[in-house]
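*Asks:* Next up is a structure, given as structure tokens.
What follows draws every value from the coordinates through simple rules; no lab data is involved. Only a predicted model underlies this, so the values are computations on that prediction, with no experimental measurement involved. Cβ sites come from the backbone with ideal geometry, for glycine too, and all protein chains shown count toward neighbours.
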Amino acid sequence: METIQYNLPQSRIPRAWYNVLADLPKPMAPTLHPGTLQPIGPDDLAPLFPMSLILQEVSTEREIEIPGPVRQVYAQWRPSPLFRARRLEKALDTPAKIYYKYEGASPAGSHKPNTAVAQAYYNKVEGTKRLSTETGAGQWGSSLAMACAFFGLECKVYMVRVSYDQKPYRRALMEAFGASVTASPSTETESGRAILAAHPNTNGSLGIAISEAVEVAAKDPDTKYALGSVLNHVLLHQTVIGQEALEQMALAGDEPDVIVGCTGGGSNFAGLVMPYVGRKIKGQCGARIVAVEPAACPSLTKGQFTYDFGDTGHLTPLVKMHTLGSTFIPPGIHAGGLRYHGMAPLVSHVMDLGLIEATSVQQLDAFAAGIQFARAEGIIPAPEANHAIAEAIHQALMAKEEGKERTILFVLSGHGHFDMQSYIAYQAGKLENYDYPAEEIAMALAGLPAVG
Ligand SMILES: *Cc1c(COP(=O)(O)O)cnc(C)c1O
């Protein structure tokens, strides 16, 4: 029988997260205070995050130990499976080998619990009572709601309006885990009210929902804020994905030539690729590493690498990242988790260093790839993950055209069981591609903060 699964025993769950900052040839640009434009210190972030996470945010230690209680929760779905997509390879009639690391086997259905569990744990240890957060498609909100239930924390979620309406089952899941969910922009916060006054019928965006969640945490000493992507500590927690993949690819006896992940804020991509980027820096890995983003929200391929706010209401510090401008509200594509105006500063930085590259995919091509994948492999992918699949298939077809062997590894960041409404719309021919929103992006970029 041909092998299609490369499984590791529970004892091989990584004991430490891998911090690529230890190996970077050039350090990242500092995070700046939005008022003084000076680098911020740990105390500036203390109203929002527990100190252990703030220290992880700036750590340059190579290995950061995973606490026992976090590893114990990981054991429910980790090590996650690595599959060889043999039926997809046959369907494509390609000489390429396609492997995928599947993160949809977690209880919430995506990679997000890898960091949600860690964040809830550190908050609990430091005495936080309540976490506030934003969610796009609902994947992050449901992961954090679950983690809060495990560690006895309250959870308040601002859910982007378009997803709140499109994805009622995700909302129900968050509420089942005990979270309180509000559509964003809401009238509960100053930032929400300001946006509603200017754009009464807005779809909302992650940037707006972040402002609301940050505002609530900043005003209440018992509430801290949790972010599901973008920040260094979040990307760090996701490196369990890539560390396991390295071992599993060794079990398969293969080295990837191309490594692919979809990018919204950059966390599932970074989780898979940063252990490989570390090897690339040391000359131990020659793979192409490709980030895939939606053509409607192309921060890496069309954005500027510059200082910007992380949120639309301008409450967050300034970070240097690829950005479309913090006031850009992306079109309502169904890959809600990819509708963010910026990209993780760490992902932006390694792209600037030439260690990774980026490409973009249109919504209809992403869904076509997801359907082809589902028919071959039996897993309905999350709409976000369809972007990675589209690029993996593209690479496999190029290998066929060139008559070359090629080993492709991608991360399947989640399943799409709660996203079937978007598949219904796709099958009914109701989804459309969005043109690159050049005018709106130009306007948002014109409003970038002036940093010398
Ligand atoms: C949130 C999400 C993404 C996008 O976020 P990243 O931080 O870029 O990983 C991608 N896929 C799934 C399934 C998600 O839930």
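*Asks:* Net charge around residue 360, counting only other residues with Cβ within less than 12 Å of its Cβ (Lys, Arg = +1; Asp, Glu = -1)?
*Replies:* In short, -3.
*Asks:* How large is the dipole of region 41-86 about the Cα centre if only Lys and Arg carry +1 and Asp and Glu carry -1, each at its Cβ, rounded to the nearest 20 debye?
*Replies:* About 640 debye.
*Asks:* If we sort 249-256, 168-175 on the protection proxy, mean other Cβ atoms within 10 Å, highest first, what's the order?
*Replies:* Most protected by this proxy first, the peptides run 168-175, 249-256.
*Asks:* Between residue 183 and residues 5 or more places away or on another chain, which pairs have amide H atoms under 5 Å apart, with H built 1.01 Å from N, and which residues are they?
*Replies:* 159
*Asks:* Which pairs in the list 124/320; 26/280; 280/302; 90/400 are over 23 Å apart, alpha-carbon to alpha-carbon?
*Replies:* Over 23 Å Cα-Cα: 124/320; 280/302.
*Asks:* Whole-Hz ³J(HN,Hα) for each residue in region 287-295, computed from phi via Karplus 6.51 cos²θ - 1.76 cosθ + 1.60 with θ = phi - 60°, x for glycine and proline: what do you get?
*Replies:* Whole-Hz 3J(HN,Hα) from phi for region 287-295: 5, 6, 10, 10, 8, 10, 10, x, 4.
*Asks:* Determine the sum of side-chain charges near residue 321: Lys and Arg each +1, Asp and Glu each -1, restricted to other residues whose C-beta is under 14 angstrom from that of residue 321.
*Replies:* -2
*Asks:* Got a sec? Charge dipole of the chain, +1 on Cβ for Lys and Arg, -1 for Asp and Glu; which of 450, 409, 298 is way out at the positive end?
*Replies:* Of the candidates, 409 comes out farthest on the positive side.
*Asks:* Counting Lys and Arg as +1 and Asp and Glu as -1, what is the net charge of the other residues whose Cβ lies under 14 Å from the Cβ of residue 17?
*Replies:* -2
*Asks:* On the first, second and third principal axes, largest extent first, how far apart are the outermost C-alpha atoms of region 172-283 in Å?
*Replies:* 57, 29, 27
*Asks:* Here's another thing I want to ask about it. Roughly what % antiparallel, to the nearest 5, for the DSSP beta bridges in region 190-322?
*Replies:* Once the DSSP bridges in region 190-322 are tallied, antiparallel ones form about 50 percent.
*Asks:* Rounded to the nearest 5, what % of DSSP beta bridges with both residues in the chain are antiparallel?
*Replies:* 35
*Asks:* Please work out the FRET efficiency for the pair residue 175 and residue 22, using the Cβ-Cβ distance as r and a Förster radius of 35 Å; give the result to the nearest 0.05.
*Replies:* My answer for the efficiency is 0.30.
*Asks:* Compute log10 of I(q)/I(0) for region 1-142 with the Debye formula, placing one identical point scatterer on every Cα and leaving out solvent, at q = 0.11, 0.20 Å⁻¹, to two decimals.
*Replies:* -0.61, -1.33
*Asks:* Moving to a separate point now. In the chain, with Lys and Arg counted as +1 and Asp and Glu as -1 at Cβ, which of these residues, 184, 18, 355, has the Cα nearest the positive end of the dipole, that is, farthest along it?
*Replies:* 18
*Asks:* If we count other beta carbons within 10 Å of each Cβ, what is the order of 308, 44, fewest first?
*Replies:* 44, 308
*Asks:* Could I ask something else about it? Out of residues 5 or more away from residue 98 or on other chains, whose amide H comes under 5 Å of its own, with H placed 1.01 Å from N in the peptide plane?
*Replies:* Placed amide hydrogens put 85, 408 under 5 Å from residue 98.
*Asks:* Hey, can you grab everything whose amide H is under 5 Å from the amide H of residue 260? Only 5+ residues off in sequence or another chain; H modelled, so Pro and N-termini drop out.
*Replies:* 290, 409, 410, 411
*Asks:* Still on this structure, I have one more. Using only helices, what value at 222 nm comes out for the chain when you add -39,500 (n - 2.57) per DSSP H run of length 4 or more and divide by the total residues, to the nearest 500 deg cm²/dmol?
*Replies:* It comes out at -12000 deg cm²/dmol, rounded to the nearest 500.
*Asks:* Give me 28, 159 sorted ascending by neighbouring Cβ count inside 10 Å, so fewest comes first.
*Replies:* Least crowded to most crowded, the residues run 28, 159.
*Asks:* Can you give me the pair-distance distribution of the chain, C-alpha pairs, 20 Å bins, whole percents?
*Replies:* 27, 62, 11, 0
*Asks:* Counting other Cβ atoms within 10 Å, which GluC sites (Glu not before Pro) in region 1-96 have at most 15 and lie in a DSSP loop?
*Replies:* When the GluC sites (Glu not before Pro) of region 1-96 are filtered for loop state and at most 15 Cβ neighbours within 10 Å, 2, 61 remain.
*Asks:* Which of the listed residues, 96, 131, 73, is farthest toward the dipole's positive end in region 66-153, when Lys, Arg count +1 and Asp, Glu count -1 at the beta-carbon?
*Replies:* Farthest towards the positive pole: 96.
*Asks:* If you take the square roots of the eigenvalues of the alpha-carbon gyration tensor of region 124-212 and sort them as a ≥ b ≥ c, do you get rounded (a/c under 1.5), prolate (a/b over b/c) or oblate?
*Replies:* Note, shape of region 124-212 comes out oblate.
*Asks:* Can I ask one more? What's the magnitude of the charge dipole for the chain around its Cα centre, counting Lys and Arg as +1 and Asp and Glu as -1 at the beta-carbon? Answer in Debye, nearest 20.
*Replies:* For the chain, the charge dipole is close to 820 debye.
*Asks:* If you place +1 on the Cβ of every Lys and Arg, -1 on the Cβ of every Asp and Glu, and leave all else neutral, what size is the dipole of region 167-290 about its Cα centre, to the nearest 20 Debye?
*Replies:* For region 167-290, the charge dipole is close to 220 debye.
*Asks:* Could you give P(r) for region 304-363, binned at 5 Å from zero, as whole percent values over all Cα-Cα pairs?
*Replies:* For region 304-363, the pair-distance distribution reads 4, 18, 24, 24, 19, 9, 1.
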